[in-house]
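Q: Take this structure, written in structure tokens, and hold onto it; I'll ask about it next.
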């Protein structure tokens, strides 16, 4: 009696296990399809970047997955020899680093003041900042171009540093104010008693305690500026100081049907962001969630 | 190369030194004036750089652009001519129509797919791996994403080997290859698809974080009461996620209105795929300032509802603090 019950139970469990797997099969299939849609396009580009242009024109990237693959670095050698490519790669760094530093540091100053100091006009200033976060930067191009022309900054690195800082500051200030505002009040009170001045308080209390937010914002701004096309093409489109995104964008347009030579350039352009993303994924995700959930 | 070495030095040393020096000197000066005045002046020292940048690069230019929109390219007043042009010229009307397409469908697809994928991935054990895949396009620039998708949409004449991934798939299934980026029936959708592909990861990360905040007991209780999975999603999960979905929707509306990079790289606005932001860029580049400014003002008017909504929501949040 007991034996048959147990046997019956065993059979039932096996059936249950199999039916559960079967029931879950559509789920796993759907997940795989979704993952494939999001991975395959990028994979295609990377594979093609290691093939010759005639190969790319003769057959799809997937043929290289089977022997003979015919992988080669020819595309990379060619793009590094193309006039303007290496310069624009260096320019991307020369634009991105100072633009990021300017934005994050100034936003941290302002975030501290908006969070922990009271002054006349504070609420009004801040509402303007919230409003500016969605104003299209295109609205400012004509006057700012005229300003750069009048001050002799047209086409210079300084011009794009300032422009990026101006456009990015509202959002950065908003994010850092909410983070710095959430720091415990007691810390600031004890500093007040110690008589530490505000500069000391800022560098020794606010900055160290805000490292998670500052790090997340720095990564975010860095990638935003590195990947920017619109601002760079507007202010540096005709300048030798143009960054990689502008170089690729202009080459695609001028090459017409011959754009395949740019595969390697695109891979180089996205290598740094992907590396940053894979290494610092946690900060990156936090930066996004902070911006959206609170914002 | 000399000049760029100078730039690199400025980049690495001078910019941070200036910023550090500004605050140190500001505080040094504040300590040398009477305490009462210093206390009142101090906040302005700290917010001045941010406010100055916002004023010089955003507030004043925006106001200036509104004035320019009532002038011709040489600066003579022309009344509403530039707006009449905007609403009668076929090029600008096409871009307006396409932006509406982007606004509705890009936003809807990102929100719906983001929600679908988050709920889907919430039910598997390898969630973080799956999420990384969908999230991967996010750090990729729109320029690189466009090159990626050029290989997806590549078209070769029928009978020749198809090198574009999509055409290879559909010809293998027995259909004729499609010139995705040229065919007027498909090209706008093809561009919107790229936008969706790059942005769904953003929606997914945020929705998925909100999803983790829903109590599992609540969902278990509903299951015990006999609710189907569909009912749970519709009656419990979606209502609870509403604030999150609203935030994503407004963010995506702004993204859709400003879309530029993908269209610039993929088609340069040709074949009826142009959008407002690219129209504006092209007119600025041609020094067609009056008309460009009018295009900008239309864009600004389009974001005003979102702007008002954000400010209202911000004020509510502040009252709750």
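Q: Between residue B:270 and residue A:82, what is the FRET efficiency for a Förster distance of 22 Å, r being their Cβ-Cβ separation, to the nearest 0.05?
A: 0.35
Q: Further, regarding this structure: List the equivalent ellipsoid semi-axes of the range B:2-68 in whole Å, largest first, each obtained as the square root of 5λ for an eigenvalue λ of the Cα gyration tensor.
A: Taking √(5λ) for each eigenvalue gives 28, 25, 6 Å, largest first.
Q: What distance in nm separates the two pseudo spin-label positions at residue A:73 and residue A:211, each 7 Å out from Cα along the beta-carbon direction?
A: Between residue A:73 and residue A:211, the label points sit 3.8 nm apart.
Q: Compute the distance from the alpha-carbon center of the range B:189-241 to that of the range B:1-36, in whole Å.
A: The range B:189-241 and the range B:1-36 have Cα centres spaced 48 Å from each other.
Q: Continuing with this model, one more query. So if the hydrodynamic radius of the range A:84-294 is defined as the Kirkwood radius over C-alpha pairs, what does Stokes-Einstein give as its diffusion coefficient at 37 °C and 0.692 mPa s, in µm² per second?
A: 174
Q: Helix-derived [θ] at 222 nm for the protein assembly as shown: sum -39500 (n - 2.57) over DSSP H runs of at least 4, divide by residue count, nearest 500?
A: For the protein assembly as shown, the value works out to -23000 deg cm²/dmol.
Q: Another question, then. Could you identify which residue out of A:125, A:277, A:220 has the top mean-square fluctuation in a GNM of chain A using Cα springs shorter than 10 Å?
A: A:125
Q: For a quick check, take a GNM of chain A with Cα springs below 10 Å and name the residue from A:131, A:216, A:74 with the largest mean-square fluctuation.
A: A:131
Q: Could you check which residue among B:261, B:81, B:225 shows the biggest mean-square fluctuation in a GNM of chain B with a 10 Å Cα cutoff?
A: The residue that fluctuates most here is B:225.
Q: How many percent of all Cα-Cα pairs in chain B sit more than 38 Å apart?
A: Tail fraction, whole percent: 38.
Q: Using a Förster radius of 56 Å, what is the FRET efficiency between residue B:67 and residue B:124 based on their Cβ-Cβ separation? Nearest 0.05, please.
A: The formula returns an efficiency of 0.50 here.
Q: So what is log10(I(q)/I(0)) for the protein assembly as shown at q = 0.07, 0.09 1/Å, when the Debye sum runs over its Cα atoms only?
A: -0.50, -0.80
Q: Can you give the relative contact order of chain A as a percent, counting alpha carbon pairs under 8 Å and 6+ residues apart?
A: Over chain A, the number comes to 26 percent.
Q: Next question, about the same structure. With labels modelled as points extended 7 Å from the Cα through the Cβ direction, what inter-label distance (nm, one decimal) is found for residue A:197 paired with residue B:60?
A: Taking the simple label geometry, residue A:197 and residue B:60 are separated by 3.0 nm.
Q: Rounded to the nearest 0.05, what FRET efficiency do residue A:190 and residue B:112 have when you use their Cβ-Cβ distance and R0 = 35 Å?
A: That gives a FRET efficiency of 0.10.
Q: Where a ≥ b ≥ c are the square roots of the eigenvalues of the C-alpha gyration tensor, would you call the range A:11-123 rounded, which needs a/c under 1.5, or, failing that, prolate if a/b is larger than b/c, or oblate?
A: It comes out oblate by the Cα gyration axes.
Q: May I ask you to list the residues of the range A:69-109 whose amide nitrogen lies under 16 Å from a point 7 Å from Cα along the Cα→beta-carbon direction of residue B:52?
A: A:102-109
Q: Based on alpha-carbon atoms only, what is the radius of gyration of the range B:153-272 relative to the globular estimate 2.2 N^0.38 Å?
A: Taking N as the residue count of the range B:153-272, the ratio is 1.52.
Q: Pop out the Kirkwood hydrodynamic radius of the range B:149-188 from its pairwise C-alpha distances, inverse of mean 1/r, in Å to one decimal.
A: Evaluated on the range B:149-188, it is 9.9 Å.
Q: Please tell me the relative contact order of chain B in percent, rounded to the nearest whole number, where contacts are Cα pairs under 8 Å and at least six residues apart.
A: It rounds to 25 percent for chain B.
Throughout, read-outs are computed from the coordinates displayed, never taken from laboratory work. Everything numeric here is computed off the predicted structure, so don't read it as measured data. Quick reminder, even Gly has a Cβ in these numbers, built from the backbone with ideal geometry, and neighbours come from all protein chains shown.
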